[in-house]
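Let me begin by presenting the structure, written as structure tokens, before commenting on it.
The values are calculated or read from the model by the stated rules, or taken from the named source; none is laboratory data. Everything numeric in this text was worked out from a predicted model, so none of it was measured. Neighbour counts are summed over all protein chains in view; Cβ atoms, including those assigned to glycine, are modelled from backbone coordinates with ideal geometry. For accessibility, only protein heavy atoms count, side chains too; no ligands or nucleic acids. Shrake-Rupley method; radii C 1.70, N 1.55, O 1.52, S 1.80 Å.
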Amino acid sequence: MREITYLEAVREALTQAMEADADVFLFGEDIGIYGGAFGVTRGMQEQLGKERVRDTPISESALAGAAAGSALTGMRPVLELQFSDFITIALDQLVNQAAKMRYMFGGKAKVPMVVRTPSGSGTGAAAQHSQSLEAWVAHVPGLKVVQPSTPYDAKGLLKAAIEDDNPVIFYEHKLLYKTKGEVPEEPYSIPLGKAEVKRKGTDVTVIATGIMVPKALQAAEILAKKEIEVEVVDPRTLVPLDEETMIQSVKKTGRACVVYEAVKRGGYGAEIASMIAESEAFDYLDAPIVRLGGKEVPIPYNPQLEKAAVPQEEDIVQAIEQMVAKVI
């Protein structure tokens, strides 16, 4: 099978969705001529026209409101927010309007919109352009939240998100855009709410999200040389959450380590840890559940400090070695 980048997989999903459904259109700041902040939509305006790939003024609140409004009237908008940090400006429209409408209209209204947005640190973009705020939107009933970690998942999950009749926040980690993987040329969907075991193991379950998935896989390879077999589970979507896959994995290994880039305090990893503790998997635990999250600091500009602010492979290795050592 051919290999393409994560960025190319997102672009292909968008193009195929627009070719299949005339109601799908893209809009956002600089997505047309410039091709978006990271080049995801480069060339799409020439291919599909200015009516369907629209440049907009800088106003995230207005854009989110326009997405909700056009979705209510039968379109399937895909909005690009240049950096996920800017979702804070759009939260009123997303949280108080888009997320509520199906419920408040008794299910008679549909809001089929997607907000695509690059997230995370590692690019030297500093404190206002590097945050991981997915827990904020995951907290709101009515919003679905997606965090693909591979090119294959990015294409399949984006197609499913566009076809969904509810508002979906689609997080694309900046550092994953250049990563490559096998991706079919034909359209396909990955159901929202279905986790995947990225690596099988018997000693510890690592539940990782977004950019932490490849880091967990690298840590697992290091630990395998020390005869510690790590199972890596990627939820892929935070809402809906595939609890069953994670519970079954923890029941098998007896240990759970949740790894996420967002600030540890109040992060989504706490939700996953609580879910495990409240489930039947609790009776199978041989060690306390461990959370690895970002430091409680704004993301620094300095490269070394930026790296130190979020979990790295060596942090995952150390945490798992400590978990195993406690039992022994």
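The long axis of helix 151-163 is offset from the longest Cα principal axis of the chain by roughly 50 degrees.
Loop-located chymotrypsin sites (Phe, Trp or Tyr not before Pro) across the range 101-172 with a Cβ neighbour count of 16 or fewer within 10 Å are 105, with loop assigned by DSSP. Please determine, in degrees from 0 to 90 and to the nearest 10, the orientation of helix 60-72 with respect to the longest principal axis defined by the Cα atoms of the chain, where the helix direction is its Cα long axis. With both axes taken from Cα atoms, the answer is about 80 degrees. With q set to 0.10 Å⁻¹, the log10 of I(q)/I(0) for the range 196-325, from the Debye formula over equal scatterers at the Cα positions, is -0.28. Counting only DSSP beta bridges whose two residues both lie in the chain, roughly 20 percent are antiparallel. When 291, 236 are compared by accessible surface with a 1.4 Å probe, the order from highest to lowest is 291, 236.
Considering helices alone, the calculated mean residue ellipticity of the chain at 222 nm is -10000 deg cm²/dmol, with DSSP H runs of length four and up weighted by -39500 (n - 2.57) and normalised per residue. Leaving out ligands, DNA and RNA but keeping every protein chain, what accessible area does residue 239 have, in Å² rounded to the nearest 10, with a 1.4 Å probe? The accessible area of residue 239 comes to roughly 40 Å². Helix 243-253 and the long axis of the chain differ in direction by around 20°, with both axes built from C-alpha atoms. The candidates 264, 159, 174, 326, arranged from most to least accessible area with a 1.4 Å probe in the full protein assembly, appear as 326, 264, 159, 174.
Dividing the mean sequence gap of close Cα pairs (under 8 Å, 6+ apart) by how many residues the chain holds gives a relative contact order of 16 percent.
Using a Gaussian network model of the chain in which every pair of alpha carbons under 10 angstrom is joined by a spring, one finds that among 156, 120, 74 the greatest mean-square fluctuation is at 74. Reported to the nearest whole Å, the Cα centre-to-centre distance from the range 213-249 to the range 125-183 is 18.
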